[in-house]
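Since the structure comes first, as structure tokens, the remarks are kept for the end.
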Amino acid sequence: MKQFILVISLVCSLTSCIKKAPLNPEADIETFTIDKTFLTGDVVIDQANRKILLYLQPEAYKNGIVPKIVVSNGATISPASGDSLKFGLPISYTVTSQSGINRKSYDVVVVMVGSWTFNFEWWGLNDPNKYEFPYGDDGSQVWSSGNPGIAITGVDKRPDAYPMRSTTDGYLGTKAAEIVTLPGNDVSKMIGIKIFPGSLFLGNFNSSSAMTNPPAATEFGQPIVGHPIRFTGYYKYAPGPLFQDSDGNTVNSMTDRCAVYAILFNGPQRLNGSNIQTSNTIVARAVLPDQSAKGDFTRFDIPFDYTAGALPGNQLMLAIVASSSAEGAAYRGAIGSRLVVDSLRIIMQ
Amino acid sequence: MNKIFLLTAFLFFVVDSINAQDQKQDDGSIHRVSIGLNLGAITPTSLPNTIRRIDAYNPLLCPSIGYSALFAAKPHWWIGTGLKLDYKGMWVKDSVAYFHTMIQGNNGAASGFEGSFTGTNTTTVRNVYLTLPLYAQWTPGKKWSFQLGGYFAFLLRPKFEGHVSNGYIRNGGPLGEKVSVDYAEFDFSNKIRRFDYGLHAGIEKSLGSKWSVSVQWQWGLCRLFPTSFTGVDIPLKNMYVNMGLSYRLPKI
């Protein structure tokens, strides 16, 4: 009996000392809502870079907007949710956590794609993770990649530790986009990811689903005005030596392939890795037919194939996607596969 | 540090008594074999506020088997030691909030995940130790004995693994971006220290001339993980109660 009491008292002494809950240290803008009719594309909260990205109809830009904002539990925001925003001067929001200790600022950025020619000459560097991203030729930040997701797994903080980066091995000018399939690391293996397939795409990376549903984290598409007819560019490709399946087993009968395509679809909701091939919002496709090795830069010029019966609406969006492993979304590919793309263009009617 | 000093001082006292005892007599020893069960947890002495709830706990079946020897020191006093194979384990499911963790990759210190986790954690521990206790025993009458001393243990086989689920991590800390986690496995077995030491306290009741039952508390003073390991950022220690049954070996 005595022993029993001793054990019980031991267990109780461990469970009875749960301390008071800490005040919430988080300071996120969780949602930022504007009437959909004001948008050309859904609002993006870029949590990794602390930006609110807005894709606005010209009227909304001119007259301003009144967003509804939800922040972390217990946190406060300035300016407040429901205050009207006028564009022209820089705007930023500051969120203070419930704990009062933490403060986070989000810059509001109005994104407009002015030019659909991408020469990949200008690159930025993310801080603090040190991965690269390209700017559009008009200075807009419209490209993303899987790099932000790979940053979470804690790879080395240098550009060439990430699958997508700049290279001086370009076709025109001084730089191009290099996309490489890399081996996974210890942290990615905890969630069953054995390779990091390289990707570059027009759109955004949503970190929140990076581990639960990685294909959904790649949100494809930027608003486009006009009628695209051709997708052109230059590429070269070298598949890695050993193709492996999602469990990391070598599949000798397979050789890795690259993927380069453009998809036109009805927004403002973006497509993602799970529905980019199948969504019924798709209006037209331009898909690179030859996915095999190309030692030298090879030009492609692909007409958009409009889906019969699909009607282009007034919130059209366009996604360009390039990957060093065509089956990378399923974590199938060859470590070392390398795709370089340069001078991508969407030709309008 | 103070605890370690006291323990060391105590052990010196014990060893000194053994030496003194050797000169007096040499036939006052008792040898026993014992089996037992370890019940307890690997836990910090005080739970941090990032642990919000213990949802479920199972002590697991953690047997011990050992040999112990008692040497008479002076009337009513004995010096005890021995060797024991100890399983020390538990299964626990708990809810945590903003729990700091840093997981280093094996490929080099520069790579790894650092951040905070909010959600459910499930951990299974089952370590096997070879334990060497050293204690003074006071036997005022015929039935009851009381022990106080320390122990040193070598880790023979580690197991510390589990998974996190239904939650999210924040990259870098509370202000980093939120990443949902459905299920992620961890295995920190090879990060556990190869040794453990701590305090030993016990009560023993004699059931006649051969058999006795005991309750012994082993209070670990050594952190399960070295401070350089930050995957579990709290000072976990072995806190165990052993319930044992001993059989006195006949004199050879």
**Asked** Mind checking whether some residue in segment A:97-112 is in a loop (DSSP other than H, G, I, E, B), loosely packed, with under 14 Cβ neighbours inside 10 Å and outside the structural domain of A:Phe231 (by TED's automatic domain parsing)?
**Response** yes
**Prompt:** In this structure, is B:Tyr240 more than 30 Å from A:Asn49 (Cα to Cα), of a type outside the set (Gly, Ala, Ser) and away from chain A (no Cβ under 14 Å)?
**Reply:** no
**Request:** Give A:Lys194, A:Lys189 a once-over and let me know the one that is of a type outside the set (Gly, Ala, Ser) and free of Cβ contacts under 8 Å to residues at least 40 places away in the same chain.
**Result:** A:Lys189
**Asked** Restricting attention to segment B:213-233, and to residues there that are under 18 Å from the mean Cα position of the chain (by Cα) and within 12 Å of chain A (Cβ to nearest Cβ), which single residue is surrounded by the most Cβ atoms within 10 Å (Cβ to Cβ)?
**Response** B:Gln218
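Sort through A:Thr298, A:Thr250 and tell me the only one that's among the hydroxyl-bearing types (Ser, Thr, Tyr), touching a residue at least 60 places away in the same chain (Cβ under 8 Å), touching a strand residue (DSSP E or B) at 6+ places or on another chain (Cβ under 8 Å) and over 30 Å from B:Asn171 (Cα atoms).
Values: A:Thr250 fails: touching a residue at least 60 places away in the same chain (Cβ under 8 Å).
So the residue among A:Thr298, A:Thr250 that is among the hydroxyl-bearing types (Ser, Thr, Tyr), touching a residue at least 60 places away in the same chain (Cβ under 8 Å), touching a strand residue (DSSP E or B) at 6+ places or on another chain (Cβ under 8 Å) and over 30 Å from B:Asn171 (Cα atoms) is A:Thr298.
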**Listing of strands (runs of 3 or more DSSP E) fully contained in segment A:257-349 that carry 1 or more residues being surrounded by fewer than 18 Cβ atoms within 10 Å (Cβ to Cβ) and either in contact with a His (Cβ under 7 Å, 6 or more places away or on another chain) or at pLDDT 95 or above (or both)** = A:282-287, A:294-303, A:338-348
**Item:** Members of segment A:197-225 that are in contact (Cβ under 8 Å) with a residue 12 or more places away in the chain, within 28 Å of A:Asn249 (Cβ to Cβ) and surrounded by fewer than 19 Cβ atoms within 10 Å (Cβ to Cβ)
**Value:** A:Asn213, A:Pro215, A:Ala216
**Asked** Take the residues of segment B:170-191 that are among the acidic types (Asp, Glu) and outside any loop (DSSP other than H, G, I, E, B): which is farthest from A:Lys189 (Cα to Cα)?
**Response** B:Asp182
**Fill in**
Checked pairs for segment B:42-56, first at negative phi, second among the hydrophobic types (A, V, I, L, M, F, W, C) and exposed (fewer than 14 other Cβ atoms within 10 Å of the Cβ), C-beta under 8 Å and 6 or more apart or across chains, list as B:Ser46/A:Cys17; B:Leu47/A:Cys17; B:Asn49/A:Ala21; B:Arg52/A:Ala21
**Prompt:** Any idea which of B:Ser189, B:Ser165 is closer than 30 Å to A:Ser105 by Cα and surrounded by fewer than 17 Cβ atoms within 10 Å (Cβ to Cβ)?
**Reply:** B:Ser165
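From the list B:Lys178, B:Lys142, B:Lys159, exactly one residue is of a type outside the set (Asp, Glu), away from chain A (no Cβ under 14 Å) and touching a helix residue (DSSP H, G or I) at 6+ places or on another chain (Cβ under 8 Å). Which is it?
Numbers: B:Lys178 fails: away from chain A (no Cβ under 14 Å); B:Lys142 fails: touching a helix residue (DSSP H, G or I) at 6+ places or on another chain (Cβ under 8 Å).
Result: B:Lys159 is the single residue among B:Lys178, B:Lys142, B:Lys159 that is of a type outside the set (Asp, Glu), away from chain A (no Cβ under 14 Å) and touching a helix residue (DSSP H, G or I) at 6+ places or on another chain (Cβ under 8 Å).
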**Asked** Has segment B:156-173 got at least one residue that is farther than 18 Å from B:Arg223 by Cβ and touching a His at 6+ places or on another chain (Cβ under 8 Å)?
**Response** yes
**Prompt:** In segment B:117-171, how many residues are aromatic (Phe, Trp, Tyr), closer than 26 Å to B:Ser214 by Cβ and without any contact (Cβ under 8 Å) to a residue 60 or more places away in the chain?
**Reply:** 3
**Prompt:** Can you name the strands (runs of 3 or more DSSP E) wholly within segment A:118-166 that have at least 1 residues being within 12 Å of chain B (Cβ to nearest Cβ)?
**Reply:** none
**Message:** Taking the criterion of being among the hydroxyl-bearing types (Ser, Thr, Tyr) and either crowded, with 17+ Cβ neighbours inside 10 Å or in contact with a His (Cβ under 8 Å, 6 or more places away or on another chain) (or both), would at least one residue in segment A:115-128 satisfy it?
**Reply:** no
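The values are calculated or read from the model by the stated rules, or taken from the named source; none is laboratory data. Note that the structure is a prediction, hence the values are computed from the model and not measured. FYI the Cβ positions are ideal-geometry reconstructions off the backbone, even for glycines, and counts take in every protein chain you see.
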